[in-house]
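The values are calculated or read from the model by the stated rules, or taken from the named source; none is laboratory data. From a predicted model like this one, the values you see are computed outputs, not experimental measurements. Note that each Cβ is placed from the backbone with ideal geometry, even for glycine, and that neighbours are counted across all protein chains shown.
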Amino acid sequence: MPKNYLHLARDVVDALGRAENNQPLQFNEIQCQLLKQKLQETVTSLLSRVDKDSLPPEKQALFQQRCGGVALLELYRIVVRAESIIHGCSTQDWLTAAIKLANSFEAFVDIFFKLDWCTAVIGIVFSNALTSELQHVRDNIDGFGEAECAFKMEEIRSVLQQPASEDRESLRRRLTEMQEDTGARNNQEIVAYLLKLVTTDPANMEQ
């Protein structure tokens, strides 16, 4: 069974946990912590199921053929994307990183959604592989349709809206303090620009 991408995703998530003390978050702290938790829960849940129910050899090829492998690869790509955002919010050069990531609410929403989507697809394909019913997989996946996707996206937005607002306010306070500090005149143009970013409607300023 093509579990390598799932194991690679686990390695990325584990590395994020180990790096936390060495790379403290500089901004988007609440959203990043929620994302770390979501990543850990997703990978742990999938590993538990896949390893527990491992497919017999004759069904491994079927699982791979009917998009199981593709879904695992997509999961790995999403985990790597999440890693990039978290590292960006942790970098010492956080002022520069914040120009791109200060208003990344929709990016967090998209990653949360795709983690759920990958989990659902892998679960459907894997369950059907176990029962040799892979011919029904496409119908089941099509049931994860447009209306359900839209509802799920709005549900995730609702959950993340308050954390995003708190992160923006925390960053605004920090930038304001830097702007008012007469002893810190470096990077004032960047600080002023970031203040504009975090005090403007994110829908109009999304990077």
Counted residues, the range 14-50 - those being within 20 Å of Lys114 (Cβ to Cβ) and surrounded by 20 or more Cβ atoms within 10 Å (Cβ to Cβ): 10
Of the criteria (1) over 20 Å from Arg49 (Cα atoms); (2) at pLDDT 95 or above, which one Lys152 fails: (2)
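So, in the range 195-207, of the ones that are of a type in the set (S, T, N, Q) and modelled with pLDDT of 75 or more, which residue ends up surrounded by the most Cβ atoms within 10 Å (Cβ to Cβ)?
Filtering the range 195-207 down to residues of a type in the set (S, T, N, Q) leaves 199-200, 204, 207.
This time we only want the ones that are modelled with pLDDT of 75 or more, so: 199-200.
Numbers: Thr199: 13, Thr200: 11.
For the range 195-207, the residue satisfying everything is Thr199.
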Hits in the range 70-112 (condition: without any contact (Cβ under 8 Å) to a residue 40 or more places away in the chain and of a type in the set (D, E, K, R)): Arg77, Arg81, Asp93, Asp110
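Only one of Val80, Val70 is touching a helix residue (DSSP H, G or I) at 6+ places or on another chain (Cβ under 9 Å), modelled with pLDDT under 90 and assigned to a helix (DSSP H, G or I); which? Steps first, please.
Values: Val80 fails: modelled with pLDDT under 90.
Selected residue: Val70, the only one of Val80, Val70 that is touching a helix residue (DSSP H, G or I) at 6+ places or on another chain (Cβ under 9 Å), modelled with pLDDT under 90 and assigned to a helix (DSSP H, G or I).
Name the single residue that is surrounded by the most Cβ atoms within 10 Å (Cβ to Cβ) among those in the range 148-194 being of a type in the set (Gly, Ala, Ser) and touching a residue at least 40 places away in the same chain (Cβ under 8 Å). Steps first, please.
Taking the range 148-194 and keeping what is of a type in the set (Gly, Ala, Ser), we get 150, 158, 164-165, 170, 183-184, 192.
If we keep only those that are touching a residue at least 40 places away in the same chain (Cβ under 8 Å) as well, we get 164, 170.
Numbers: Ala164: 21, Ser170: 15.
Of everything passing the filter in the range 148-194, Ala164 is surrounded by the most Cβ atoms within 10 Å (Cβ to Cβ).
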